[in-house]
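Beneath this line is the structure, given in structure tokens, with notes to follow.
The values are calculated or read from the model by the stated rules, or taken from the named source; none is laboratory data. Predicted, not measured: the structure shown is a model, and the values here were computed from it. In this analysis, Cβ positions are derived from the backbone assuming ideal geometry, glycine residues included, and neighbour counts consider all displayed protein chains.
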Amino acid sequence: MTLLKHYVNAVRMYLPNGSQQEDILSELTEHLQSALDEEEERLGRPLTEVEQEALLTRHGNPATVAERYGAPRRSVAFGWQLIGPELFPLFARILLLNWIVTVVAVPVVRWFGSMPPLGFWSFAGPLLVQLVIVTFTFTCVDVFQRLARRRASAREHQANWRFPPTYLQPIPRWQSFVGLILFGTTAIWWSLTPLVPQLMLGSAAASLEFSSSTTMLYWAVLFLLLTGAAQRAATFARPNWNWLQAVTRLITNSSALVLLYPFAMSFPYVLVAASVSDPVRAEHLANRINTTMWWMTIGTMSIYWLINAAFHAWVCAQFLRYAGRRRAEQFS
């Protein structure tokens, strides 16, 4: 896909469906193609992708361009803005995708887990969890983007999540910093869990203990957390290493999916301790914790990892195609 098509498709995301949308995009395409042709004629050579990106970016943020043609400013707000118009289309699509996958996955997961028949909360619970997670994530991104743009250059103000393409965008430092804090803190918490079980089990740690089957999973998860923290530290220091984020996230999310099998086979994850005063109550508590851990991982987090792995596989393919085009430009 050419950069011009990338840009036009980015504008399309904000325009209402209908025949008028195609007319607007056709007019926009002709105008921008003419500008690209004039620049090539002035330079006497084809434009590189970086030069095309610079020219198209100067035309304006795709969300702003769509508003010039009368596109509505859709957002999520409850008294104050949670998710702004620029991120709303992505938020709506990600949430819808999560819900579709959840509706399909819930019956499959319950069947394989030999769980009770489906009820209202079998669907409502996971859908509500997805709504909260996706809304919270996009709210945080929206806040950090607005804070970052107060100090951004004019060119960075024109950037959009759809344009320029990922392979031409540096990783925002705020994104790497927040990720480093999140993954670093989680890695420290996870590494201390065997020494201080209360960090995960709370007051139940007095009557429960982790099963030996979780040892391999513990080290695998710690490695993935440290890998995620290291990637964010690297892209904070070198924002132009944009390929590193896509490669690392493809590896970590794919690895998490692979670990789902040993995770399922490691059930139960906590057992009643040898010396407890009330073994019946402790057994009930262990069953609740084991079921919650199993369901949250298999029924919820697995969907997140699957979508992320697929998305970053696509992004890595974009990087490879771009590298091939750069190599061809050098030899032409």
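The rows are residues; the columns are (1) in contact with a strand residue (DSSP E or B) (Cβ under 9 Å, 6 or more places away or on another chain); (2) surrounded by 15 or more Cβ atoms within 10 Å (Cβ to Cβ); (3) polar (S, T, N, Q).
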{"site": "T186", "(1), (2), (3)": "no, yes, yes"}
{"site": "M200", "(1), (2), (3)": "yes, yes, no"}
{"site": "A204", "(1), (2), (3)": "yes, yes, no"}
{"site": "L208", "(1), (2), (3)": "yes, yes, no"}
{"site": "V221", "(1), (2), (3)": "no, yes, no"}
{"site": "L225", "(1), (2), (3)": "no, yes, no"}
{"site": "A233", "(1), (2), (3)": "no, yes, no"}
{"site": "N240", "(1), (2), (3)": "no, no, yes"}
{"site": "A246", "(1), (2), (3)": "no, yes, no"}
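Quick one: how many residues across the stretch 1-40 are in a helix (DSSP H, G or I), without any contact (Cβ under 8 Å) to a residue 12 or more places away in the chain and of a type outside the set (K, R)? Write out each step before concluding.
If we filter the stretch 1-40 for residues that are in a helix (DSSP H, G or I), which is where we start, we get 3-12, 19-40.
Narrowing further to those that are without any contact (Cβ under 8 Å) to a residue 12 or more places away in the chain: 5, 19-23, 26-27, 30-31, 34, 37-38, 40.
From what's left, of a type outside the set (K, R): 19-23, 26-27, 30-31, 34, 37-38, 40.
Of the residues in the stretch 1-40, 13 are in a helix (DSSP H, G or I), without any contact (Cβ under 8 Å) to a residue 12 or more places away in the chain and of a type outside the set (K, R).
Residues in the stretch 256-288 that are of a type outside the set (A, V, I, L, M, F, W, C) and either in a helix (DSSP H, G or I) or within 19 Å of W305 (Cα to Cα) (or both): 8 in all. Just so you know, in the stretch 82-99 the residues that are under 13 Å from the mean Cα position of the chain (by Cα) and surrounded by fewer than 17 Cβ atoms within 10 Å (Cβ to Cβ) include one that is farthest from P72 (Cα to Cα), and it is L97. Contact annotation: residue pairs with Cβ atoms under 9 Å, 6 or more positions apart or on different chains, pairing a residue in the stretch 243-269 that is under 15 Å from A313 (Cα atoms) with a partner that is outside any helix (DSSP H, G or I) and of a type in the set (V, I, T), are L244/I171; Q245/I171.
Name the residue, out of A310, A328, that is surrounded by 12 or more Cβ atoms within 10 Å (Cβ to Cβ) and of a type in the set (G, A, S). So the residue among A310, A328 that is surrounded by 12 or more Cβ atoms within 10 Å (Cβ to Cβ) and of a type in the set (G, A, S) is A310.
Taking the options R93, R73, name whichever one is more than 19 Å from L4 (Cβ to Cβ) and without any contact (Cβ under 8 Å) to a residue 12 or more places away in the chain. Even if it seems obvious, please write down each step before you answer.
Working: R73 fails: without any contact (Cβ under 8 Å) to a residue 12 or more places away in the chain.
Going through R93, R73 in turn, the sole match is R93.
Among the residues making up the stretch 41-67, those that are more than 25 Å from I24 (Cα to Cα), assigned to a helix (DSSP H, G or I) and at pLDDT 85 or above are E41, R42, L43.
Restricting to helices (runs of 4 or more DSSP H) lying wholly in the stretch 149-223: which have 1 or more residues that are in contact with a Cys (Cβ under 9 Å, 6 or more places away or on another chain) and modelled with pLDDT of 85 or more? Break it down into steps so the answer makes sense when it comes.
Working: elements: 154-157, 173-192, 198-201.
In the stretch 149-223, the matching helices (runs of 4 or more DSSP H) lie at 173-192.
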